[in-house]
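The values are calculated or read from the model by the stated rules, or taken from the named source; none is laboratory data. Because the structure is predicted, anything quoted here is derived from the model rather than measured. All Cβ positions, even for glycine, are placed from backbone atoms using ideal geometry, and neighbour counts span all protein chains on display.
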Amino acid sequence: MSKKYQVVKGFRDILPPESKLFWLAEKLARDLFARFGYQEILLPVLESYDLFACSIGTGTDIVEKEMFIVPDKKGQNLVLRPEATASVVRAYVEGLASQGPAKLFYFGPMFRYERPQKGRYRQFWQIGAEAIGYGGPGVDAELILLLDLYFKDLGLAEIQIRINNLGCKICRPSYREALVKYLTDNEAGLCEDCRRRLSTNPLRVLDCKNEACKTIAQSAPCPGEFLCVDCASHFEGLQRLLNLQKVSFQVDPRLVRGLDYYTRTVFEFQAQTGLGAQNAVVGGGRYDGLVEEMGGNPAPAIGFALGVERLALLLEQKISRSELVAGPEVFLIFSGEEAYRFAFQLLFLLRASGLYAEMAIDEPSRSLRSQLKFSDRIKSKSALIIGEDELKNKLLNLKLMESGKELKLEYQGLKNLANIDWEELKSHLQTPGFAYAGREYEQTLVQNRDLLKLLKIYFNELNKLEA
RNA sequence: GUGAGUGUAGCUCAGUGGUAGAGUGCCGGGCUGUGGCCCCGGUGGUCGCGGGUUCGAAUCCCGUCACUCACCCCA
């Protein structure tokens, strides 16, 4: 036996039917984001090391130890992107800035070299949006409302919105100073990690999971108390707009975000359960200084990133497996070689006409019984049985899988049905005494326009046969 | 990087020193042209890998690899 290969650690195959969840998430994002005026941007997966070191911050874990570094042939360090905001800003500065503000969204894989656990992988997918060149609280509200609608459309109404304001470059330093002073005074009570955070990223102490640290964080100064006039009014403005739309959200004075570039508004969408130790399915915030730092003309901006794996975990609990798997409209069952050839032709005509049709195409001698069994297993809605009898006498034998009932028609009956059109059929349904409306099979049939289409194509093909 | 748990049939798992098991799936039959329910038969395994202890190891010990969960960090 040859060697058995395995996916590399932290990477995974997203197999059907789970892949359908990703497809749903992506499709809804495309439809919805377009209605909000966000245009898709397709970005490279590889960027220069410095892009992230400068934007995310050299002190962060992401840059320090979580990047996949790819040395190229000239010896310069490229990296697999750990997130996309920096890429979007780079692309904006490079190619879009001359056209003014931009509202962009992206979908794609990100890479971080971390120990995998529930809801966290080394390659993970994000859907994100960035609004560059917009400074007011209106666009902050727009993004939050966009996400709120997105989750509601997916049936995930229980997700909580938390917002905070971290201040800007004017007011944040004084807050930071006050926080560090407070934490230093209470250093003895902090956990080992937090004593380290004190020098690396003091804001992070605020959301430590350690009980002792939580208690200390409880009475620590909050960013809100230090906001400058502009930041305070921005934050009030955002809340007013959200309230105007009757979106429920919580102000969480201890909500902080790990990346260096965040200013003013930060927000998270949190799930209550189902994500393991994680709870954030979306994280985002304003980064008013980043565009300038990346070499562009100063432009305020805000964006978010949504973890698709985490979203899929939540959707999995809402959507049953059978709902994810859509069975064929019709399964073609043949008996005999002639019937196989007939069914083979019919199969592609049906597919070309827009129907999802399937048959045991690779097994021309399979028993009728096992074909029917297979048709059942893949949840076909109907099975069209094609045997010697049907071909010779030009009959229809359509089995409706769920009820088990069969629609059997002689040539003339099939002709009558196949020759009327959809509009006519609908209008006839209202007419008392319409020849077919009273019968159970036909009622089922006309409820599904696809089956009428099927009848027409089948009838046509039968007529091509030599008598 | 740190800690804990788990590796046995395609899948889910039982099996604490004495012949390798169940459920499910798959194939076939009962039912020759009719699925689901039922019954019968068949298929299926380097017990993660390597070493050690033992008359004898899936089982005990050591090592190793993989996966999972958690910490750190983050979506």
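Among residues of segment A:184-218 being free of Cβ contacts under 8 Å to residues at least 24 places away in the same chain and outside any helix (DSSP H, G or I), the one that is nearest to A:PRO137 (Cα to Cα) is A:CYS208. A single entry from A:ASP207, A:ASP230 fulfils the requirement of being out of contact with any helix residue (DSSP H, G or I) (no Cβ under 6 Å at 6 or more places or on another chain) and more than 16 Å from RNA strand B (Cβ to nearest atom): A:ASP230.
Kindly list the number of the only condition in (1) of a type outside the set (D, E, K, R); (2) at pLDDT below 90; (3) within 7 Å of RNA strand B (Cβ to nearest atom); (4) not in a loop (DSSP other than H, G, I, E, B) that fails for A:LEU372. For A:LEU372, the failing item is (2). Annotation note: of A:THR273, A:THR215, A:THR263, the sole residue that is assigned by TED's automatic domain parsing to the domain that holds A:LEU149 and more than 11 Å from RNA strand B (Cβ to nearest atom) is A:THR263. With the condition kept exactly as written, say whether any residue in segment A:383-390 is at pLDDT 90 or above, part of a strand (DSSP E or B) and under 24 Å from A:GLU323 (Cβ atoms). Scanning segment A:383-390 turns up at least one residue that is at pLDDT 90 or above, part of a strand (DSSP E or B) and under 24 Å from A:GLU323 (Cβ atoms). May I ask you to verify whether A:SER98 is among the hydroxyl-bearing types (Ser, Thr, Tyr) and over 26 Å from the mean Cα position of the chain (by Cα)? Considered against the rule, which asks whether it is among the hydroxyl-bearing types (Ser, Thr, Tyr) and over 26 Å from the mean Cα position of the chain (by Cα), A:SER98 comes out as yes. Residue check: A:MET359 meets all listed conditions (1) surrounded by fewer than 19 Cβ atoms within 10 Å (Cβ to Cβ); (2) more than 12 Å from RNA strand B (Cβ to nearest atom) but one, namely (1). Checking A:LYS379, A:LYS394 one by one, the residue that is at positive phi, more than 9 Å from RNA strand B (Cβ to nearest atom) and surrounded by 12 or more Cβ atoms within 10 Å (Cβ to Cβ) is A:LYS394 and no other.
Exactly one residue among A:GLY258, A:GLY224, A:GLY167, A:GLY237 is within 27 Å of A:ILE144 (Cβ to Cβ), touching an Asp or Glu at 6+ places or on another chain (Cβ under 9 Å) and away from RNA strand B (no atom under 13 Å from the Cβ), and that residue is A:GLY237.
If you go through segment A:381-406 and keep only what is under 46 Å from the mean Cα position of the chain (by Cα) and of a type in the set (S, T, N, Q), you end up with A:SER382, A:ASN397, A:SER403.
Results for (1) of a type in the set (S, T, N, Q); (2) at pLDDT below 95; (3) out of contact with any Lys or Arg (no Cβ under 8 Å at 6 or more places or on another chain), shown as yes or no for each residue.
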residue: A:LEU259; (1), (2), (3): no, yes, yes
residue: A:PHE267; (1), (2), (3): no, no, no
residue: A:GLN272; (1), (2), (3): yes, yes, yes
residue: A:GLU293; (1), (2), (3): no, yes, yes
residue: A:ALA299; (1), (2), (3): no, no, yes
residue: A:VAL308; (1), (2), (3): no, no, yes
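If we scan segment A:348-358, do we find a residue that is within 17 Å of A:LEU398 (Cβ to Cβ), in the same structural domain as A:LEU396 (by TED's automatic domain parsing) and assigned to a strand (DSSP E or B)?
Yes, that holds for at least one residue.
Is it true that some residue in segment A:12-22 is within 17 Å of the chain's Cα centre (by Cα) and more than 16 Å from RNA strand B (Cβ to nearest atom)? Looking for residues that are within 17 Å of the chain's Cα centre (by Cα) and more than 16 Å from RNA strand B (Cβ to nearest atom), one finds at least one in segment A:12-22, hence yes.
Yes/no matrix, rows are residues, columns are (1) buried (at least 17 other Cβ atoms within 10 Å of the Cβ); (2) at pLDDT 90 or above; (3) closer than 26 Å to A:PHE269 by Cβ:
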site	(1), (2), (3)
A:LEU146	yes, yes, yes
A:GLU158	no, yes, yes
A:ALA188	no, no, no
A:ALA217	yes, no, yes
A:LEU227	yes, yes, yes
A:PHE235	yes, yes, yes
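Give all pairs with beta carbons closer than 6 Å in which a residue from segment A:377-393 that is among the aromatic types (Phe, Trp, Tyr) meets a residue that is more than 7 Å from RNA strand B (Cβ to nearest atom); count only pairs at least 6 apart in sequence or on separate chains. As it stands, the answer is none, since no pair meets every condition given. When segment A:89-135 is limited to residues that are of a type in the set (S, T, N, Q) and within 27 Å of A:GLY276 (Cα to Cα), the one that is farthest from RNA strand B (Cβ to nearest atom) turns out to be A:GLN123.
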